[in-house]
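Reading through the structure tokens given below for one structure.
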Amino acid sequence: MSAAAGPHGSDGVRPAPLRVLATGFAMGAADVVPGFSGGTVALVAGLYDRLIASVSAGAGLLGTVLRGRWRDVAAAWRAVEAPFVLTLLGGVAAALLTLAGPMERLLDDEPVLMSAVFLGLVLGAAAVAPRRLRAAAPRHAGLAVVAAVAAAVLLGLRPVADGTPPLGFLALAGAVAVCAMILPGVSGSFLLLLLGAYEPVITAVADRDVVTLAVVGGGMVAGMAAFSRLLDRLLRRHHDTVLAVLIGLMVGSARVLWPWPVGTGVGDAALGAPGEGVGVAVAAGVLALAAVLGADAAARRWAARTDAP
């Protein structure tokens, strides 16, 4: 079993509730942005293995209920770390509800600056993530490079749908995107963008459109239930191999955060030459990268002081 599959984080200690809440908030903020992933935040925070194990246990609970195996519900519920999951989801929900509107405006009004900030955050996360490898080896670097190149190529695809998609399609888009949201370096928001569902979903969040959010949420639950169990199994059996691939995906995802795309807006994968605001963009990216490195160092010191063994 992975170190985080039980009651501890990947650093072998029990995370403090405030750390979990802050991680959830940062994950929610990241998932609003095309090209940035909440899974990246969880990985850097040292809670990724535990998150996947908890989601997988929740999927098992859901399957137990749907199959009517009522005698097994109590045991399945105990396998879910409810306080951890609810605290994390509370942070995610708080970020989505408070940041969706302002983030939408910033992405429209300051695309170069925002892209530079998110690019710095992702590159900082990629620099920190190798600390999570348990026994680093040269082959892990090779896997990361292959995954980074593959991600950069695949993310060059163009959106496949335009206009306002039907609710059934939004449910399917939610199922696909949620799988990416729990993968470092694979942006669920970017997949929504590719599918032509990003604008309807982010508008529904900003407008509190309950019907649309319920449909997308249902698709997300179904997608997460199916995917999380597979990912949890892989992490348990091949932790460092999977993590190396995830780090590569994180690096490859930087393509969609280049501040000067051919088109407009954050999440455009068509690369262009540097244009306006180069100095400000570089400064913002460097500051964001430094912030991640500093936050990681601070989090490790905080964890050493506050997390109970």
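Points worth noting:
- Taking the average, over residues, of other Cβ atoms within 10 Å as the packing measure, peptides 168-177, 115-124, 70-79 rank 115-124, 168-177, 70-79 from highest down.
- Extension gain for the segment Ala297 to Arg139, taken as residue separation times 0.36 nm less the Cα-Cα distance, is 54.2 nm to one decimal.
- Between Leu271 and Val262, the built amide H atoms are under 5 Å apart, and every one of these is 5 or more places off in sequence or on another chain.
- Karplus (6.51, -1.76, 1.60) ³J(HN,Hα), θ = phi - 60°, over segment 244-260, in Hz, Gly and Pro reported as x: 4, 5, 5, 5, x, 4, 4, 5, x, 5, 4, 4, 7, 10, 4, x, 10
- The slack between Arg67 and Ala290, meaning 0.36 nm per residue of separation minus the straight C-alpha distance, is 75.4 nm.
- One decimal place: the segment Ala82-Glu276 gains 65.1 nm when fully extended, by the rule 0.36 nm per residue minus the C-alpha distance.
- Ranked by the mean number of other Cβ atoms within 10 Å of their residues, highest first, the peptides 138-151, 244-257 fall in the order 244-257, 138-151.
Taken together, the values in this text are just the output of simple stated rules run on the coordinates, not laboratory data. Please read these numbers as outputs of a predicted model, since none were measured by experiment. A quick note on method: Cβ atoms are made from the backbone with ideal geometry, for glycine too, and the neighbour counts reach across all protein chains shown.
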